[in-house]
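Structure first, then comments.
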């Protein structure tokens with residue numbers, strides 16, 4: 001059993017003893033701690049939004065979270081099966097004190113999590129997250145008396161989300177409709193099965209081929225949208241039945257694109273292609289995290305803007321975007337953040353903007369991909385044991401490569417003449433992520449293996 005506590009929330013495997021997995025007692029403890037933190041931050045705001053993905057444990061967790069919040073005196077707007085970006089928009093739509101998203105994102109079915117939002121529908125910052133953890137550790141919360149209990153209101157916020165996307169000036173419904181795209185989608189039997197067909201129909205796509213769109217939580221393959229997991233939709237595209245394929249993770253904040261010939265567009269290039277479209281019409285700055293492709297930097301500078309890299313994590317990307325006034329940003333895992341809509345990774349926004357870009361260029365997806373700077377990124381991991389001293393490992397790597405350009409703001413990133421390698425401890429899994437990039441996949445893999453050999457030794 002695993003229980004991972006971080007500033008962005010609590011994530012764990014369902015079941016187990018208290019403190020060893022994500023079980024009802026720990027769900028109550030962390031929900032009550034979050035409610036206590038929100039009460040201190042916004043004492044006059046009595047509303048919290050709750051949304052969830054379709055994983056098997058979702059309903060159980062939802063009942064406990066909603067019951068705990070009402071027990072803390074909060075009125076809950078329960079939006080039920082909803083994407084992460086839908087929940088983020090619902091927080092501001094309801095003018096709520098915050099929101100809790102019940103999803104373990106790309107993790108397998110045995111995982112679930114509580115992702116915690118502030119009143120702006122954005123993830124809690126470092127100080128707020130640490131405060132929630134401290135309150136939970138002390139169990140320093142007080143439940144409401146009977147006359148002060150909250151109540152639950154059920155709402156569907158997907159239509160509102162779709163409406164906000166359609167309001168974006170650069171979403172060109174008429175251009176998309178004229179191209180008459182046939183679009184294949186794989187929604188891993190989670191909430192994307194509700195949201196993605198809805199946004200496609202709204203932007204003018206009539207021909208939709210749906211794979212795994214029943215939101216029952218039975219993931220048909222590993223839910224992380226990586227090439228090795230996407231053979232079904234890739235084979236469909238190879239048969240010539242669709243112009244483009246879109247794949248989302250269980251909570252729909254990540255977007256992977258498949259070319260018309262079945263080849264992977266590359267999840268790193270979801271953001272790059274959308275940014276290219278935005279920058280053609282809205283010159284400005286961009287941001288991604290340190291583990292994302294340098295192609296975004298190339299595209300940004302080609303359009304006369306400045307690129308900045310943040311530490312990994314959506315909250316860090318958003319903070320840097322606000323600091324530099326970025327017009328577009330996100331993460332190389334297929335996460336597009338477009339402030340014109342909201343400060344959160346949003347696959348619905350990504351799809352609408354990508355199709356608009358594709359329609360304007362009058363190209364095939366593979367042709368669009370060839371217009372972008374080409375790098376190859378290798379994403380590896382090293383599984384950790386409870387005894388692993390990650391800080392000592394990273395310090396050793398930093399020392400061994402001290403003659404290269406080394407950045408230790410978030411783990412250790414080593415810039416070589418022919419590429420880079422970034423090692424950092426995951427916030428969501430007991431692993432070290434090892435990302436590398438170079439001109440060819442062979443070189444990217446070689447750089448990664450070179451550094452991983454040091455770690456394993």
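Separation of the range 1-43 and the range 428-457 by C-alpha centroid, Å? Their Cα centres are 32 Å away from one another. Just report the Cα centroid separation between the range 198-217 and the range 245-315, whole Å. The two parts, judged by their Cα centres, are 23 Å apart. Note on residue 440 and residue 42: the model spin-label points, each 7 Å out from Cα along the C-beta direction, lie 5.4 nm apart.
Considering only alpha-carbon pairs that sit under 8 angstrom and 6 or more positions apart, the relative contact order computed for the range 242-367 is 29 percent. Annotation for the range 63-138 versus the range 370-399: alpha-carbon center distance of 30 Å. Computed over the Cα atoms of the chain, pair by distinct pair, the Kirkwood hydrodynamic radius stands at 22.4 angstrom. Of 241, 167, 425, the sequence from fewest to most neighbouring Cβ atoms within 10 angstrom is 167, 241, 425. One decimal place: the segment residue 261-residue 179 gains 27.7 nm when fully extended, by the rule 0.36 nm per residue minus the C-alpha distance. Treating each Cα of the range 3-156 as an identical point scatterer and summing with the Debye formula, the log10 of I(q)/I(0) at q = 0.16, 0.20 Å⁻¹ comes to -0.77, -1.29. Could you tell me what a quarter of the Cα convex hull surface of the range 255-394 works out to, in nm² with one decimal place? Projected area, direction-averaged: 9.5 nm². Report note on the peptides 401-409, 185-193, 229-237: ranked by the mean count of other C-beta atoms within 10 Å, highest first, their order is 185-193, 229-237, 401-409. Beyond 26 Å, what share of the Cα-Cα pairs of the range 161-370 remains, rounded to the nearest whole percent? Tail of the P(r) past 26 Å holds 27 percent of the pairs. Highest-first packing order for the peptide set 277-285, 315-323 is 315-323, 277-285, based on the mean count of other beta carbon atoms within 10 Å.
Here the range 35-59 is scanned for amide nitrogen atoms under 16 Å from the site 7 Å beyond the Cα of residue 151 along Cα-to-Cβ, giving 46-48. Residue ranges 202-211, 114-123, 147-156, 342-351 sort as 342-351, 114-123, 202-211, 147-156 when ordered by packing (mean number of other C-beta atoms within 10 Å per residue, highest first). The value of relative contact order for the chain, using C-alpha pairs under 8 Å at least six residues apart, is 12 percent.
Read-outs: derived from the displayed coordinates by stated rules, not from any lab. What you see is a predicted model; the values in this text were computed from it and never measured. Glycine also receives a Cβ, built like all others from the backbone with ideal geometry; neighbour counts cover every protein chain displayed.
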